[in-house]
Amino acid sequence: MTSYASVIMKGKATEKQEVFVSKMSVVGLGVVAIFLGIAFEKQNVAYIVALTFSIAACANFPILAMSVFGKG
């Protein structure tokens, strides 16, 4: 079960709602990526790659830490 279905809708989301939210989040992230690509167009490629990996690490670390050390 996704976070949307279990946390926001408290387990009462239909599959159609989950798919809709998933599609909208992908579109939203795509739009953000396009705007960031335009904003950082003149930057060094190594800087952009390092920034991308640091953001990904910041997003994934709490999940990994909770899966290792969290109860349940």
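The values are calculated or read from the model by the stated rules, or taken from the named source; none is laboratory data. Keep in mind that what you see is a predicted model, and the values were worked out from it rather than measured. Note: ideal-geometry Cβ built from the backbone for every residue, glycine included; neighbour counts use all protein chains shown. Areas reflect the complete protein model, heavy atoms only, side chains present, ligands, DNA and RNA absent. Shrake-Rupley method; radii C 1.70, N 1.55, O 1.52, S 1.80 Å.
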Accessible carbon and sulfur surface of the chain relative to its total accessible area, %, 1.4 Å:
72 percent
Here are labelled values, [x] 3, 13, 13, 16, 18, 16, 12, 7, 3, 0; [y] 4, 16, 28, 27, 15, 7, 3, 0; [z] 3, 14, 26, 26, 18, 10, 3, 0, and one is the computed P(r) over Cα pairs in 5 Å bins from 0, in percent for what I pasted. Which one?
[x]
For the chain, please report how many Lys pairs fall under 27 Å Cα to Cα, leaving out neighbours fewer than 8 apart on the same chain.
4
Where nothing but the Cβ of Lys and Arg (+1) and of Asp and Glu (-1) is charged, how large is the charge dipole of segment 9-72 around its Cα centre, in debye to the nearest 20?
260 debye
Relative to the first principal axis of the alpha-carbon coordinates of the chain, what is the inclination of helix 45-69, with its axis defined by its Cα atoms, in degrees from 0 to 90 and to the nearest 10?
20 degrees
Measuring with a 1.4 Å probe in the full set of protein chains, what accessible area per residue, in whole Å², belongs to the chain?
89 Å²
